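To start, the structure under review is shown below, and the notes come after it.
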């Protein structure tokens, strides 16, 4: 029988108050997690602190001491990058330049994956947007880079692209350095885009494997959803408190074909506190408990 390798963590804070990466790994350890994801700066703007201030040596030492491998470290690219905008050339050019810099920052912290929202067409032609994302990535990716770019599955809010496996395949098929790209599933986004994870998980896995390949699934964002399926709204819920449900999410975590894929929680704070320690405990125990005492917002 195949041994299950649970690689589970959450988005953790990485800022000056919490000593940047040192605080991020300490929070991860306190959550009894063995994986983590960070932004290297504010997700909504381009302000960045030089990585020399990130306590890199202390971070690597503590990460290694606690058995957190570099392959379990994920960076999320900022939301301000929109490679899909064919309407405004300056937005595309900014995205190319900034993603190059973010990849370098991710490499400095020895992350394995940088997750990227494919972007929004902002009223432009969707096919052209998909083609442009591929073209931009071909300009960005290099043979020497160690970090892989994972295109995130999106809910279809507004003019988002990347809302189906077919759209992601169109992008990936055009990438020259295919070993440098893959996909990040977001369970809330998949559900909101119309993928019924509760009834059709086996079919969804098979569809992804046949169209893109499970070897390209680099990361899973594990989130419940506040919405009914196919809502195209992108409203994350805490594990077991949404429409997807605890059992379905547990099936995803422990599915044998999804073994050895790092899984990251991005669920809402509860009463201004991170919920990840309690959620990780439930997932490890394979048992849902209402551990937030009625504080979770519906």
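The values are calculated or read from the model by the stated rules, or taken from the named source; none is laboratory data. Since this is a predicted model, take the numbers as computed values, not measurements. Every residue, glycine among them, receives a Cβ derived from its backbone with ideal geometry; neighbour counts consider all protein chains shown.
With respect to the conditions (1) within 22 Å of the chain's Cα centre (by Cα); (2) surrounded by fewer than 22 Cβ atoms within 10 Å (Cβ to Cβ); (3) more than 26 Å from residue 22 (Cβ to Cβ), residue 83 falls short on a single one, namely (2). Across segment 57-78, the qualifying residues are those that are touching a residue at least 12 places away in the same chain (Cβ under 8 Å), in a helix (DSSP H, G or I) and over 22 Å from the mean Cα position of the chain (by Cα), and the one among them that is surrounded by the most Cβ atoms within 10 Å (Cβ to Cβ) is 62.
Taken over segment 111-124, the criterion of being surrounded by fewer than 22 Cβ atoms within 10 Å (Cβ to Cβ), at positive phi and at pLDDT 95 or above is satisfied by 122 alone. Listed conditions (1) crowded, with 22+ Cβ neighbours inside 10 Å; (2) more than 26 Å from residue 134 (Cα to Cα) are all met by residue 16, apart from (1). Among the residues making up segment 166-186, those that are assigned to a helix (DSSP H, G or I) and more than 23 Å from residue 37 (Cβ to Cβ) are 166, 167, 169, 170, 173, 178. The number of residues in segment 86-100 that are in a loop (DSSP other than H, G, I, E, B) and under 18 Å from the mean Cα position of the chain (by Cα) comes to 0. Scan segment 28-38 and tell me whether some residue there is under 24 Å from residue 255 (Cβ atoms), more than 16 Å from the chain's Cα centre (by Cα), modelled with pLDDT under 95 and in a loop (DSSP other than H, G, I, E, B). No; the residues of segment 28-38 include none that is under 24 Å from residue 255 (Cβ atoms), more than 16 Å from the chain's Cα centre (by Cα), modelled with pLDDT under 95 and in a loop (DSSP other than H, G, I, E, B). Residue 3 meets all of the listed conditions (1) in a loop (DSSP other than H, G, I, E, B); (2) within 29 Å of residue 91 (Cα to Cα); (3) out of contact with any helix residue (DSSP H, G or I) (no Cβ under 8 Å at 6 or more places or on another chain) but one, namely (2).
Per the listing 186, 179, 173, 215, the residue uniquely surrounded by 15 or more Cβ atoms within 10 Å (Cβ to Cβ) and out of contact with any helix residue (DSSP H, G or I) (no Cβ under 6 Å at 6 or more places or on another chain) is 186.
Of all the listed residues (145, 127, 108), the sole one being at pLDDT 95 or above and over 25 Å from residue 37 (Cα atoms) is 127. Of all the residues in segment 248-298, those that are part of a helix (DSSP H, G or I) and without any contact (Cβ under 8 Å) to a residue 24 or more places away in the chain number 2.
Of the residues making up segment 95-103, one or more are in contact with a helix residue (DSSP H, G or I) (Cβ under 8 Å, 6 or more places away or on another chain), modelled with pLDDT of 95 or more, within 30 Å of residue 58 (Cβ to Cβ) and surrounded by fewer than 22 Cβ atoms within 10 Å (Cβ to Cβ).
Taking the options 81, 103, name whichever one is in a loop (DSSP other than H, G, I, E, B), under 20 Å from residue 219 (Cβ atoms) and either in contact (Cβ under 8 Å) with a residue 12 or more places away in the chain or out of contact with any strand residue (DSSP E or B) (no Cβ under 7 Å at 6 or more places or on another chain) (or both). Step through it out loud before you land on a result.
Working: 103 fails: in a loop (DSSP other than H, G, I, E, B).
Only one candidate qualifies: 81.
Annotation: residue 142 fulfils all but one of (1) out of contact with any helix residue (DSSP H, G or I) (no Cβ under 9 Å at 6 or more places or on another chain); (2) closer than 13 Å to residue 180 by Cα; (3) loosely packed, with under 14 Cβ neighbours inside 10 Å; the unmet one is (1). Per the listing 142, 163, the residue uniquely outside any helix (DSSP H, G or I) and more than 17 Å from residue 184 (Cβ to Cβ) is 142.
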